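Novice: Attaching a single structure in structure tokens format; questions to follow.
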Amino acid sequence: MPVSSFPPIFDGHNDTILSLTGSGFNPLPGGRSFFERVDNGHIDLPRAQDGGLGGGFFAVFVRPPETEDPAAEGEDARKRLTQRFQRPAEGWPEPMAMDYAQSKSLELLGRLFQIERESNGQCKIIRSASELQHCLDNGIFAILLHFEGTDQLDPDGFALDVFHQAGVQSIGLTHFRKNRYAEGVPMSFPSSPDTGPGLTDEGKELVRQCNARNILVDVSHINEKGFWDVAGITDAPIVATHSNAWEVSNAPRNLTDKQLDAIKESRGVAGLNFHVGFLRPDGEADPSMPLSVMADHLDHMVERMGIDCVALGSDFDGAVMPEGLKDASGLPALMKTLQDRGYDADALEKIANGNWIRVLRETWGR
Ligand SMILES: [Zn+2]
């Protein structure tokens with residue numbers, strides 16, 4: 001396959017490390033190697049290179065233990081997982097235990113360091129915007145360590161310091177469900193994102209702890225009250241790593257126009273999520289969808305925020321992709337769709353990586 005003629009893509013969200021373990025959204029039983037091409041899942045190094053994917057936010061996501069079911073495979077496992085993200089009538093279950101979340105996080109982070117070590121210089125865990133730029137300029141695959149959910153963090157900030165020193169530079173306050181700090185929107189459609197209470201007092205303190213350490217705070221998944229709590233506290237650009245335009249698809253995971261306006265005002269970024277259920281105006285998790293729908297979301301986001309505040313946040317290895325973009329090797333088809341929509345070379349570069357580099361530099365200060 002030809003190498004992509006588009007600028008290298010840095011991507012705001014993937015669940016690849018969980019997928020490699022043989023767990024997560026669409027697992028290959030027994031797991032798979034990051035360095036070998038397979039048909040299962042969405043990212044491995046060969047497919048990333050084919051598609052011009054230069055790196056991305058790698059989510060360390062701890063599955064609630066009751067959703068782990070080693071016997072379930074394929075579609076079955078996916079249904080079981082997504083059902084757990086619909087809020088039961090009696091409310092969200094209690095958060096998972098911190099020691100469980102910490103041990104799982106250590107395993108997943110260790111696996112990411114293992115990839116870097118075994119890559120012979122082909123992959124690098126980045127800690128600054130300059131390192132990211134260097135990786136993209138030199139064809140080194142850039143890995144940004146990100147927490148999706150905060151069950152592993154104690155309210156005193158001790159674990160936050162340790163994980164930050166180890167390389168975790170970005171934190172999504174919650175996934176679906178709730179934890180000690182914040183509550184996520186449920187998987188439902190159609191729905192406003194205003195689905196529950198905002199941040200707890202400890203959640204507000206966690207935002208301040210992240211600000212004090214220049215750690216990026218990600219508002220994807222959080223409900224609307226939580227979003228406004230973050231917006232009122234943070235001194236950094238507001239970032240939604242993998243969320244779309246609610247006006248185009250009324251999923252609660254997407255961003256309303258008022259939220260997009262707040263992101264613009266803070267000079268933040270929203271990354272386009274490729275999950276068909278958050279893209280399609282009918283909310284169906286049906287892959288038969290033209291890529292032009294993705295351009296519709298970007299058009300809306302650019303109309304509200306301008307070209308400097310939009311990027312990509314695929315959700316590869318954690319979501320259902322459109323049939324025209326079945327994995328990382330299909331990224332040039334998306335870039336071509338955007339080019340056909342009228343995005344020029346300068347705009348495509350900002351969407352592909354420039355806006356992420358800017359917002360990371362402003363947030364991290366390096
Ligand atoms: Zn997510």
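The values are calculated or read from the model by the stated rules, or taken from the named source; none is laboratory data. Given the structure is predicted, the values throughout are model-derived calculations rather than measurements. Ideal geometry is used to build each Cβ from the backbone, glycine not excepted, and the neighbour counts take in all protein chains shown.
Novice: All but one of (1) surrounded by fewer than 24 Cβ atoms within 10 Å (Cβ to Cβ); (2) assigned to a helix (DSSP H, G or I) hold for L331; state the number of the condition that does not hold.
Specialist: Here L331 clears every test but (1).
Novice: For the subset of region 220-262 comprising residues that are charged (D, E, K, R) and buried (at least 22 other Cβ atoms within 10 Å of the Cβ), which member is nearest to R208 (Cα to Cα)?
Specialist: D229
Novice: Next up: Return a yes/no flag: does region 346-362 have any residue that is touching a helix residue (DSSP H, G or I) at 6+ places or on another chain (Cβ under 8 Å), modelled with pLDDT of 95 or more and at positive phi.
Specialist: Within region 346-362 (the criterion being touching a helix residue (DSSP H, G or I) at 6+ places or on another chain (Cβ under 8 Å), modelled with pLDDT of 95 or more and at positive phi), the answer is no, since none of the residues qualifies.
Novice: Follow-up. Those residues that are assigned to a strand (DSSP E or B) and away from the ligand (no atom under 16 Å from the Cβ), I need them from region 164-191; list them, please.
Specialist: V168, Q169
Novice: Could you list, in sequence order, all residues of region 234-268 that are of a type in the set (S, T, Y) and within 18 Å of L298 (Cβ to Cβ)? Steps first, answer last, please.
Specialist: First, the residues of region 234-268 that are of a type in the set (S, T, Y): 234, 241, 243, 249, 256, 266.
Across region 234-268, the qualifying residues are T241, S243, S249, T256.
Novice: Here's a follow-up. Scan region 267-290 and tell me whether some residue there is within 14 Å of R253 (Cβ to Cβ) and away from the ligand (no atom under 16 Å from the Cβ).
Specialist: There is at least one residue in region 267-290 that is within 14 Å of R253 (Cβ to Cβ) and away from the ligand (no atom under 16 Å from the Cβ).
Novice: Among the residues of region 100-133, count how many are closer than 25 Å to D151 by Cβ and among the polar types (S, T, N, Q).
Specialist: Looking only at that region, the number is 4.
Novice: Can you list residue pairs whose Cβ atoms sit under 6 Å apart, with the first residue in region 50-64 being on the phi < 0 side of the Ramachandran plot and the second being of a type in the set (K, R)? Count only pairs 6 or more apart in sequence or on different chains.
Specialist: These pairs meet every condition: V62/K104.
Novice: If you check L298 against the conditions, is it over 24 Å from L199 (Cα atoms) and crowded, with 23+ Cβ neighbours inside 10 Å?
Specialist: Considered against the rule, which asks whether it is over 24 Å from L199 (Cα atoms) and crowded, with 23+ Cβ neighbours inside 10 Å, L298 comes out as yes.
Novice: Being in contact with a Pro (Cβ under 8 Å, 6 or more places away or on another chain) and under 13 Å from G184 (Cα atoms) is the filter here, so list the residues in region 199-225 that pass it.
Specialist: Within region 199-225, N223, E224, K225 qualify.
Novice: Does K350 satisfy being buried (at least 19 other Cβ atoms within 10 Å of the Cβ), basic (K, R), more than 16 Å from the ligand (Cβ to nearest atom) and farther than 28 Å from K79 by Cβ?
Specialist: Values: buried (at least 19 other Cβ atoms within 10 Å of the Cβ): yes; basic (K, R): yes; more than 16 Å from the ligand (Cβ to nearest atom): yes; farther than 28 Å from K79 by Cβ: yes.
So K350 passes the test.
Novice: Regarding region 119-142, can at least one residue be identified that is touching a helix residue (DSSP H, G or I) at 6+ places or on another chain (Cβ under 6 Å) and either closer than 22 Å to K178 by Cα or at pLDDT below 95 (or both)?
Specialist: No, region 119-142 contains no residue that is touching a helix residue (DSSP H, G or I) at 6+ places or on another chain (Cβ under 6 Å) and either closer than 22 Å to K178 by Cα or at pLDDT below 95 (or both).
Novice: Here is a list: K336, K326. Which entry is of a type outside the set (S, T, Y) and assigned to a loop (DSSP other than H, G, I, E, B)?
Specialist: On the way: K336 fails: assigned to a loop (DSSP other than H, G, I, E, B).
K326 is the lone residue from the list that is of a type outside the set (S, T, Y) and assigned to a loop (DSSP other than H, G, I, E, B).
Novice: Now for a different question. Quick check on this structure: which one of G277, G306, G268 is closer than 24 Å to E224 by Cβ and touching a Phe, Trp or Tyr at 6+ places or on another chain (Cβ under 9 Å)?
Specialist: Answer to the selection: G277.
Novice: Given the conditions (1) crowded, with 22+ Cβ neighbours inside 10 Å; (2) more than 19 Å from the chain's Cα centre (by Cα); (3) within 16 Å of the ligand (Cβ to nearest atom), and given that G149 satisfies all but one, which numbered condition is not satisfied?
Specialist: Against the list (1) crowded, with 22+ Cβ neighbours inside 10 Å; (2) more than 19 Å from the chain's Cα centre (by Cα); (3) within 16 Å of the ligand (Cβ to nearest atom), G149 comes up short only on (2).
Novice: Identify, from the list D161, D194, D154, the residue that is surrounded by fewer than 19 Cβ atoms within 10 Å (Cβ to Cβ) and not in a loop (DSSP other than H, G, I, E, B).
Specialist: Values: D194 fails: not in a loop (DSSP other than H, G, I, E, B); D154 fails: not in a loop (DSSP other than H, G, I, E, B).
Exactly one of D161, D194, D154 is surrounded by fewer than 19 Cβ atoms within 10 Å (Cβ to Cβ) and not in a loop (DSSP other than H, G, I, E, B), namely D161.
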